[in-house]
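Enquirer: Below: one structure in structure tokens.
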Amino acid sequence: MTNNEITVKVDHVTKTFGEFTAVKDLSLEVRPGRIFGLLGPNGAGKSTTIRMIVNITAPDTGSISLFGRKISSQLQDRIGYLPEERGLYKSMKVSEQLRFFAQLKNVSGKDADQRIDRWLAQLKISEWKLKKTRELSKGMQQKVQFISAVLHDPDLLILDEPFSGLDPVNVDLLTDVVLELKRTGKTIIFSTHQMNIAEKICDDICLLNRSQKVLEGSIREVKKRFGRNSVALRIEGGNGSLTTSDLISKIEHHSDEMEVLLAPDADPQVFLKQLINSGAAVTKFEMVEPSLHDIFIEKVSEAR
Amino acid sequence: MNKLLAIVKREYTQRVRARMFIVTTVLLPFAMAMFGIAPALVLSIESGTPMRVVVLDGTGKIFGRLRGYLQAEPEPATQDEGNPTARNNPIEKARQESFVLEQASTVGSSATQVQADLERRLGAKEIDAYLLLPPDVLQSGRAQFFRRNTSDLISTRRIQEALDSAIREQRLIDAHVDQQTMTNLARSVDFETTRISGAGTERDSGGGFILVFAGGFLMYISVLLYGQVVLGAVIEEKETRIAEVLFSSVRPFTLMMGKLLGVSLVALTQLAIWGLAFGAFALYGVNVLASKGIPTHMPAVPLMFFVYFVLFFLLGYFVYSTLYALIGSVVTTAQEGGQLAFPIIILLVISFYLFLPVSRNPDSTLSFWLSMIPFFAPVSMLVRIVTQTPPFWQIALSLVIGFSTAALLTWVASRIYRVGMLMYGKRPSIPELFRWVRQS
């Protein structure tokens, strides 16, 4: 894969603030047209990494390139950025504010006005167009800021915890918008520590912990790598076979079912046959994939 | 460039539209007018209860004159002093109505008896004071004044001055000096200064100095008023966390420059409004005076002085505003910034007082160097220009150094701002600041 086909390339980047190393020897590649999840616990270095990508701060060592070119202030116009720290001018009207942010990305006033109307309608806040920001609820402000990040039709959209503080209806609304943007060929970097959302929308992920990368790849690969060969099981009768079977390494009992962790090289089909032969009535037998949440917890606690 | 304009425009429109701007624009000239009118008002309030003074005039010649000076009513003064229009002036009126003079009768009683009687009346609050003029007061020049409230220095002094004048006049009359000679002798000196420049002699009634004072004062006022606004503008995005979005779109220097220019345009707008209002009033005032036959003349000031005046005013304004921007980039709250801004005010005041040494010796080495230092240049160089205009290259150099310094300070502030924004909470140390300027 050549550089031109990579939207963002972070190459052996280190960033320190005084004594504190925020990002340590980080390399990652974001491919075009995909949603890239930058995951990790609080303070892992996600925001610092993003700030270096959007050219707010420069790495101490290593390099970052965007669209195959070295990061520069010209390239900033092709990035849309929704930072985790939300902020809008409190006494400006929504439309004024959005036009200002669009102009900072070199969008002409006339173009901006059309786009503002379209986006406000899409996010269902058109009636707030002429209201001052301080009159808006927190959720609405967040939508306004989301619009400010996409108004200039950026090729790369960086969203830092875009859904925090939103109600489920609005989370769904914004999720749809993000997926729609992806369909139109935009590349999206999505930073979060909410694994359930990342699991739903990310194509690729990179897990940071304590300033370092601990895991990366497509969600599929990652999950496969963490496949633990476990079965969610609900049976009636035939309990004897569970205690005697040498295919089982561990059993966890939940409320009305159990999770059976099979021995590393055991074949689940053989285990199922064993169960049936033992006379048990199987009402649920499901191969369990590890959730991103489990992987996250496992990798992060490993480090401690 | 578009981005810079967008920032300038936002800063400008947001502020000019704010209620605060409209209020201060209207209120400040009003407050200034109040300063002018208030003393007259206060005096007229005082005149409601005139001070009752009894005079025991041993000579029998002084009382009439004294009353002429201190009291207009009930009977007009023996002779009309000074300007006839002064009688209609409310302040002048208040001055005269604040005393009621009464001559103590000495018929049939000794001086000691009269004094004892006056003492009693003073105690009974029938009178406020009494004045003893012994028969030889014209020779000895010694008089005694008794009053209840000795802390009222103003009226005591006024009585003293009036007595001085009355006695002086009486002495002149006794020396057979006629009224005409007396008026001629009392005429004050018409003091006219003339400025010698290389081009020759020209008349200068201090118009240049008025310009320098106006410049210094204007700079002082606008820095005081708008320095805080610059500070607030720089901190605004830090407090609202907008800085991060802005820095993902514009260079810090563009942002900082845009803010400075935007706020400065607001300041200039306000000054222009005040200037026009003041100009209109002044014109009106001159017309009124002219219609009453009082001659007024505008000080003659070469046009070039006005050009320099504007340039150096702008220089001073920008140099000091960038200092505020610098402080804004370091601190996290406006309150903290206000405390740190105090040294700027001190610097400003010092630069104002340098007026004195520079005007005394405008061509000295000290004056030269002061007028090259950006923080002192605005006042110092203006003083030099109006006193002994230095060679053009010095003026140009001073302007170049000054504006470059302002640009450099803006750049430094923007570097500090960008790094500082990422580290919320703690104020950086000086070495840290230097590191921030170098990195980022």
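Enquirer: Would you call B:LEU260 of a type outside the set (S, T, N, Q) and surrounded by fewer than 24 Cβ atoms within 10 Å (Cβ to Cβ)?
Expert: Criteria not met by B:LEU260.
Enquirer: Exactly one of (1) modelled with pLDDT of 90 or more; (2) within 14 Å of chain B (Cβ to nearest Cβ); (3) surrounded by fewer than 22 Cβ atoms within 10 Å (Cβ to Cβ) is unmet by A:ARG31. Its number?
Expert: All conditions are met except number (2).
Enquirer: Whether any residue in the stretch B:208-231 is within 14 Å of chain A (Cβ to nearest Cβ), part of a helix (DSSP H, G or I) and closer than 17 Å to B:ARG17 by Cβ is what I want to check.
Expert: No, every residue in the stretch B:208-231 fails to be within 14 Å of chain A (Cβ to nearest Cβ), part of a helix (DSSP H, G or I) and closer than 17 Å to B:ARG17 by Cβ.
Enquirer: Which number in (1) more than 14 Å from chain B (Cβ to nearest Cβ); (2) surrounded by fewer than 22 Cβ atoms within 10 Å (Cβ to Cβ); (3) at pLDDT 90 or above marks the one condition that A:ASN42 misses?
Expert: (3)
Enquirer: Can you confirm whether the stretch B:280-293 contains a residue that is hydroxyl-bearing (Ser, Thr, Tyr) and either surrounded by fewer than 11 Cβ atoms within 10 Å (Cβ to Cβ) or within 21 Å of B:PHE403 (Cα to Cα) (or both)?
Expert: Yes, some residue in the stretch B:280-293 is hydroxyl-bearing (Ser, Thr, Tyr) and either surrounded by fewer than 11 Cβ atoms within 10 Å (Cβ to Cβ) or within 21 Å of B:PHE403 (Cα to Cα) (or both).
Enquirer: Next question, about the same structure. Take the stretch A:65-106 and flag every residue that is among the aliphatic types (A, V, I, L, M) and within 24 Å of B:ARG15 (Cα to Cα).
Expert: A:LEU88, A:MET92, A:VAL94, A:LEU98, A:ALA102, A:LEU104
Enquirer: Moving on. Looking at A:SER108, A:SER65, A:SER72, can you tell me which residue is under 26 Å from the mean Cα position of the chain (by Cα) and either modelled with pLDDT under 90 or surrounded by fewer than 16 Cβ atoms within 10 Å (Cβ to Cβ) (or both)?
Expert: A:SER72
Enquirer: While we're here: With the requirement that a residue be at the interface with another protein chain (Cβ under 7 Å from one of its Cβ atoms) and in a helix (DSSP H, G or I), what does the stretch A:102-132 give you?
Expert: Residues satisfying the conditions are A:GLN103, A:LEU104.
Enquirer: One residue is enough: does the stretch B:124-132 have a residue meeting the conditions more than 20 Å from B:ARG67 (Cα to Cα), modelled with pLDDT of 75 or more and within 45 Å of the chain's Cα centre (by Cα)?
Expert: Yes, the conditions are met somewhere in the stretch B:124-132.
Enquirer: Let me ask another. Kindly indicate whether any position in the stretch B:321-332 is within 24 Å of B:PRO378 (Cα to Cα) and either within 14 Å of another protein chain (Cβ to nearest Cβ) or under 23 Å from the mean Cα position of the chain (by Cα) (or both).
Expert: Yes: the stretch B:321-332 contains one or more residues that are within 24 Å of B:PRO378 (Cα to Cα) and either within 14 Å of another protein chain (Cβ to nearest Cβ) or under 23 Å from the mean Cα position of the chain (by Cα) (or both).
Enquirer: Could you look through the stretch A:56-96, keep only residues that are assigned to a loop (DSSP other than H, G, I, E, B) and among the acidic types (Asp, Glu), and pick out the one that is nearest to the other protein chains (Cβ to nearest Cβ)?
Expert: The selected residue is A:GLU85.
Enquirer: Out of the stretch B:406-440, which residues are modelled with pLDDT of 70 or more and either among the small types (Gly, Ala, Ser) or not in a helix (DSSP H, G or I) (or both)?
Expert: Hits for the stretch B:406-440 are B:ALA406, B:ALA407, B:ALA413, B:SER414, B:GLY420, B:SER429.
The values are calculated or read from the model by the stated rules, or taken from the named source; none is laboratory data. Because the structure is predicted, anything quoted here is derived from the model rather than measured. All Cβ positions, even for glycine, are placed from backbone atoms using ideal geometry, and neighbour counts span all protein chains on display.
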